[in-house]
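Undergrad: Please find one structure pasted underneath; my questions will follow.
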Amino acid sequence: MAKKDGANGKGGQFAGTPADRLVRLWRNNDERFPALLDEVLDANRQGVIEAALGKMREEEGYDFLDEVETFAEAVLGTDEHGDPIMTTLFWLVLEVEGRLDAPPPVDTIERALDSAGLLEKATDMRLLPLWLDPEPLSYLEAADRRVLLRRLLSSAAEAEAFVREQDLLADPEEGGTRLVGVVGLVMEEDPEQAGEGMPDPLNLGFGGEAGEPEIDPIEQERIRQAMAAFAEAVSAADPRVRRCEPVGGLNDLLDFTAEGVWPDDLDLNFDEVDDFLDITGNETGDGILDLTVEETPDGLQVRAFNSDGLLLDERGFDLTGDRAAEAIARMKRRCRRVGTV
């Protein structure tokens, strides 16, 4: 059997250009992939990542980029005792009104996160005392995310210099109500050492290989209440802040700002709506659903039909007002027709 060389670039999985090696190691689920990716990210070689993407099939590229971006926002180090520590970027999105000539109340935010129980896995954390513009921030490339993480880990001054270089600051003079971001770091014991996979920077119930929720309804309600307590504490400390939510990683911030929906606007009954559409859709041969929706004082009464007009099921949902309107909008995105009675 031929001997595989290590990271010396002579044959084996590490043969070829850095982009070739990234692709090969990723496709083979090789344990050396994280080490090579860390090397590329820490060297700020975004071009290598782009070249690797160019060598992949389209369906591979999405999964690869998700993994790269996840790695870009987390680095493994050691604490003063030599124990492994994972440091992860996380993001807060805030709805503010008025001038932003004073920095965000980071001390209050840190205390509120701690007291609300959203940092129970963390050994330490820090926030950058700057208001950031979510749009350019959301599109920050993977290598630049790693630079920001390293700078913030080193010092707030270095992180601020990088943020200014990248033109990520929110306009302090802009008035009215708008969304802004705040970036921070969470340090926790290395979750891979504990067999938990990649870290969840805040205790928001995310995790697993695809970042899917892994929590039961009771835990979901606990997190919802903790989020509400956190937001209330921040708003009380700074009257400019109307709403405030931790949103996890940078991709979560992108999804949040694109959808424009606050987590506490979502009712658990939306899950029931989605389940109803999933189940009735599975009963059709072509996946086409037509709905009739009646708004009553008690909520929504929904009837689902297949493409031949056959009634599949009907159900009531305890949704009124703005929540009912959002639920109907969700139905319209998933169904061929939604008629109201």
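Values in this text are rule-based calculations from the coordinates and carry no lab data. Since we're looking at a predicted model, the values are computed, not measured. Ideal geometry is used to build each Cβ from the backbone, glycine not excepted, and the neighbour counts take in all protein chains shown.
Undergrad: If amide H atoms are built 1.01 Å from N in the plane of the peptide, which residues on other chains or at least 5 residues away come under 5 Å of the amide H of Gly16?
TA: Those lying under 5 Å, H to H, from Gly16 are Gly11.
Undergrad: Go through segment 91-140 and name the GluC sites (Glu not before Pro) that are in a DSSP coil and have 15 or fewer other Cβ atoms within 10 Å of their Cβ.
TA: When the GluC sites (Glu not before Pro) of segment 91-140 are filtered for loop state and at most 15 Cβ neighbours within 10 Å, Glu120 remain.
Undergrad: Say each of Thr177 and Asp107 gets a label point 7 Å from the Cα, pointing the same way as Cα to Cβ; how far apart are those two points in nm?
TA: 3.0
Undergrad: To continue, here is another question. Determine ³J(HN,Hα), in whole Hz, for all residues of segment 153-163 in sequence, where each value follows from phi through the Karplus function 6.51 cos²θ - 1.76 cosθ + 1.60 and θ = phi - 60°; x replaces Gly and Pro.
TA: 5, 6, 5, 5, 5, 5, 5, 5, 4, 5, 4
Undergrad: Could you work out Rg/(2.2 N^0.38 Å) for segment 25-74, with Rg from alpha carbons only?
TA: So the Cα radius of gyration is 1.05 times the expected 2.2 N^0.38 Å.
Undergrad: Rounded to whole Hz and in sequence order, give me ³J(HN,Hα) for segment 147-152 from the Karplus expression 6.51 cos²θ - 1.76 cosθ + 1.60, θ = phi - 60°, writing x for Gly and Pro.
TA: Whole-Hz 3J(HN,Hα) from phi for segment 147-152: 4, 4, 4, 4, 5, 5.
Undergrad: Between Val341 and Asp20, what length comes free when the chain is fully extended (0.36 nm per residue of separation minus the Cα-Cα distance, one decimal in nm)?
TA: Here the answer is 109.7 nm.
Undergrad: Taking 30 Å as R0, compute the FRET efficiency from the Cβ-Cβ separation of Ala157 and Glu39 and round it to 0.05.
TA: Step by step, r from the Cβ atoms, then E = 0.70.
Undergrad: Apply 1/(1 + (r/R0)^6) to the Cβ-Cβ distance of Asp278 and Lys55, taking R0 = 45 Å, and write down the FRET efficiency to the nearest 0.05.
TA: 0.80
Undergrad: Just to be sure I understand: if I project the alpha-carbon convex hull of segment 19-113 onto a plane and average over all orientations, what area do I get in nm²?
TA: That works out to 9.9 nm², a quarter of the Cα hull's surface.
Undergrad: Just to verify a number: FRET efficiency for His81 and Ser115, C-beta to C-beta distance, R0 = 41 Å, to 0.05?
TA: Calculated transfer efficiency: 0.95.
Undergrad: Just to check I understand the Karplus step: with θ = phi - 60° and J = 6.51 cos²θ - 1.76 cosθ + 1.60, what whole-Hz values come out for segment 226-243, glycine and proline as x?
TA: With the stated coefficients, segment 226-243 comes to 5, 4, 5, 5, 4, 4, 5, 5, 5, 5, 5, 7, 9, x, 6, 7, 8, 8 Hz.
Undergrad: Write down the radius of gyration of segment 68-146 and its Dmax, each obtained from C-alpha positions, in Å.
TA: In Å, with Rg to one decimal and Dmax whole: 14.8, 46.
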